[in-house]
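To start, the structure under review is shown below, and the notes come after it.
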Amino acid sequence: MNLVRAVSTIGSLTMVSRVLGMVRDMLMARYVGAGMASDAFLIAWRLPNLFRALFAEGAMAAVFVPMFNRRMAEGEAEEEGAGLRAAKDFAGQVLSVLFPFLVFFTVVMMLLAGPIVYAMTGGFPDDGPEKFDLARHLTLITFPYLGLISLVSLLGGILNSLHRFWVNAAAPILLNVSLIIALLFFRGETQAETAETQAIAVTVAGMIQLLWLILACRKAGVVLKLSRPRLTPHVKTMLVLIVPAVIGQGAIQINLLVSTTLAARFLSEGAISWIYYADRLNQLPLGIIGIGVGTAILPMLSRQIGGGDLKAANDTQNRAIELALFLAMPAAVALIVAGVPIVRGLLEHGAFDSGDTSSTAAVLAAFASGVPAYVLIKVLTPGFYARQDTKTPVRLALWSMLVNLVGNLILIWPLGPVGVGVATSLSAWVNVALLYGMLHRRDLLSLDSRLLGKVWRILAAAVSMGIALWFGGHLADGWMAGDWYHRAIGLILLCGAGGLVYVLASFAFGAYRLSELKSVLQRRRA
């Protein structure tokens with residue numbers, strides 16, 4: 001499977017998931033708004049969501065996938081047809097150690113739900129005990145998702161290793177469908193009751209996702225059985241590598257956890273919700289582009305580096321950076337320039353008012369300035385993980401997290417929630433600079449002339465699109481206050497026109513050539 005095809009497979013299904021996620025958020029904005037119940041649910045949802053990002057999109061992909069592939073290669077070298085058996089044995093050993101730990105960890109986290117919520121929020125000092133009690137109650141309900149999603153991540157890593165990318169990429173769709181059904185058919189009479197329904201739906205979705213992955217693995221001929229936990233040499237190696245990988249891959253999510261904690265302690269009611277909605281919109285390009293490209297190149301890099309073909313590995317990362325920038329740059333410009341009409345069209349109805357729109361759009365613009373950096377982190381870190389180096393990315397991520405913490409403490413007072421977005425974006429760019437600098441210094445990555453020649457062309461095309469969106473956004477803004485179909489038409493016309501301008505400008509500036517498009521299409525048909 002070539003890079004473009006793999007990214008297309010993962011990206012298209014992630015797009016479906018993110019669109020459904022936006023539908024979910026639109027319903028949440030309508031029925032829960034941006035107040036006490038919303039803030040309480042988002043605090044309860046932050047830790048399970050953090051684990052999903054760290055394990056499903058991070059550590060399992062970064063550590064387990066290369067080791068699983070290596071066990072397959074080693075087994076195949078010893079005896080023909082033995083590769084998958086060796087890899088399955090390794091996966092079974094990991095499951096036998098992981099499962100009892102997850103049960104214990106989940107129980108302990110549920111018992112400590114109150115102290116954990118207090119540590120994250122300071123007890124909501126300005127909002128009273130009712131909000132804290134609701135957040136603690138919802139946290140108890142959502143915590144089982146931590147264990148469930150970790151098991152889902154293990155099985156998803158196996159399927160990614162077998163190039164069945166679509167199954168794992170489709171799993172988040174089940175989460176969003178579960179939450180949408182809960183909001184449409186099982187919501188309560190009050191916002192607090194509706195938030196409780198969402199919390200229940202999170203854990204139910206985790207059970208459904210796990211069942212989905214189990215059935216898919218069975219169909220692929222992979223049936224894992226629990227045995228007595230044993231710390232075999234391979235399992236020990238994975239445990240040593242996975243802790244730093246969690247921090248290295250999850251720097252952005254950990255930064256958001258820090259930002260959410262500071263917002264809960266020091267900002268007014270609604271700030272957590274504005275940050276959440278802005279981050280959700282900001283996560284669209286990261287999920288579709290960054291995770292897609294990063295997931296697709298890791299098995300390729302692992303094989304190329306394992307085979308000693310360092311030139312091919314360097315070319316793979318250059319093409320991945322090129323593709324990531326080509327897709328991420330216009331997304332960043334669009335979210336910055338047209339943030340207000342986008343937020344108004346998607347979220348401003350029901351309990352979500354115009355003040356919430358203005359605040360969310362301002363935070364979104366700050367977050368969006370870091371979109372290319374968020375995506376590049378996902379593209380650069382596989383250069384370390386494919387070489388079983390998880391320690392270097394974590395050291396660099398710690399520096400970026402320090403930048404985020406200091407930036408938050410400096411900017412949250414004068415800029416409020418916007419300061420959170422600025423600090424997060426700045427820390428992401430610092431992380432990118434450190435990752436590339438280390439790869440280049442070790443002669444593991446050098447930017448080729450094709451990539452360097454395209455960067456300014458991509459930027460020029462994105463700026464052209466931004467100018468068009470600036471004028472188009474003012475024209476479309478009136479449509480965003482109407483009925484849902486007026487909003488839909490306005491958003492489709494705005495995004496479609498912006499996309500068309502970007503495509504035409506890309507060809508005009510040479511950011512993408514017709515010959516390259518024909519080459520991609522021919523490879524996809526092959």
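Every number in this text was worked out from the coordinates using simple rules, so none of it is lab data. As the structure is a computational prediction, the values presented were derived from the model and not from experiment. Note: ideal-geometry Cβ built from the backbone for every residue, glycine included; neighbour counts use all protein chains shown.
Exposure proxy check: Arg387, Arg18 ranked by fewest other beta carbons within 10 Å? Could the numbers behind the result be given before it?
Working: Arg387 17, Arg18 22.
Taking fewest neighbouring Cβ atoms as first place, the list is Arg387, Arg18.
By count of other Cβ within 10 Å, fewest leading, how are Lys219, Lys131, Lys378 ordered?
Lys219, Lys131, Lys378
Do the alpha carbons of any pairs in Lys378/Lys454; Lys225/Lys378; Lys219/Lys391 sit beyond 25 Å of each other, and which pairs?
Numbers: Lys378/Lys454 20 Å; Lys225/Lys378 32 Å; Lys219/Lys391 35 Å.
Result: Lys225/Lys378; Lys219/Lys391 exceed 25 Å.
Between the alpha-carbon centers of segment 127-177 and segment 423-458, tell me the distance in whole angstrom.
32
In which sequence would Thr316, Thr142 go, from the one with the fewest C-beta neighbours within 10 Å to the one with the most?
Exposure proxy ranking, most exposed first: Thr316, Thr142.
Per residue of segment 488-494, in order, report the coupling 6.51 cos²θ - 1.76 cosθ + 1.60 (Karplus, θ = phi - 60°) as ³J(HN,Hα) in whole Hz, putting x for Gly and Pro.
Calculated HN-Hα couplings, in order: 4, 4, x, 5, 5, 5, 5 Hz.
Compute the distance from the alpha-carbon center of segment 370-385 to that of segment 471-513, in whole Å.
Segment 370-385 and segment 471-513 have Cα centres separated by 28 Å.
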